[in-house]
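Here the structure is laid out as structure tokens; the discussion comes afterwards.
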Amino acid sequence: MMQINIIHSTKVVDGSSEPVTTSEAKLHASIDYSAFDTIIPTYISAARLAVEKATGLALVQKTVTSQATIHPEYPLILSYKPVKQINNIAYLGGDDCDMYGCDAPVVRGAEKELIFVKREGLYEIEYVAGMTSVPADLKLAILQMFAFIFTQRGDYNEGKLDVSLEAERIMGQNQKFFV
């Protein structure tokens, strides 16, 4: 029977400001009035989250804490990339680890996104992920997504909001795949 890793819970705290400002978003969408200034940051955040979800990239710095059951045969792939640092990996699997000693998990991958363990069990991983600066094409994707969401607010197609084709193209080019 094949064992799989299971992420039981994840807590994410965004720690930095949005890569697109309200004035940039308004300029991009040709909004020259202030009636929506208080709600625009919400649309910007929603647009950024959509781009992050589509690409698998953390565009702003995040502190992530996940609890996962990890099996030695398969690495755990961290959900948010690029990983800047691993703050802590703690074995939560029981007292036997203290009695027999636990080998420290191994972190690998180009972006330190793979966690290998020698002992199956429940682990808590805390790490920081995110970009220092957002590349121009991803910033454009956020702006495109913002403009689309803002102008189409309230218009749904069978419960799903369609996305800008340009934003979709940019997100597809930046999507992260793992084998």
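The values are calculated or read from the model by the stated rules, or taken from the named source; none is laboratory data. Treat the numbers as computed from the prediction; the structure is a model and nothing was measured. Quick reminder, even Gly has a Cβ in these numbers, built from the backbone with ideal geometry, and neighbours come from all protein chains shown.
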Notebook entry, point to check: Would a scan of the range 44-61 turn up a residue that is surrounded by 18 or more Cβ atoms within 10 Å (Cβ to Cβ) and over 17 Å from the mean Cα position of the chain (by Cα)?
Noted result: no
Item checked: Residue list for the range 128-175, filter: modelled with pLDDT of 90 or more, small (Gly, Ala, Ser) and out of contact with any strand residue (DSSP E or B) (no Cβ under 9 Å at 6 or more places or on another chain) -> 133, 136, 141, 147
Next item on the list: Mind listing whichever residues of the range 48-75 are modelled with pLDDT of 90 or more, in contact with an Asp or Glu (Cβ under 9 Å, 6 or more places away or on another chain) and not in a loop (DSSP other than H, G, I, E, B)?
Entry: 48, 62, 63, 64, 65, 66, 67, 68, 69, 70
Item checked: Lone unmet requirement of (1) in contact (Cβ under 8 Å) with a residue 40 or more places away in the chain; (2) of a type outside the set (A, V, I, L, M, F, W, C); (3) crowded, with 16+ Cβ neighbours inside 10 Å for residue 10 -> (3)
Margin query: Please go through the range 44-79 and give me each residue that is touching a Pro at 6+ places or on another chain (Cβ under 7 Å) and over 14 Å from residue 139 (Cα atoms), ordered by number.
Written below: none
Check: Is it true that residue 73 is acidic (Asp, Glu) and assigned by TED's automatic domain parsing to the domain that holds residue 109?
Finding: yes
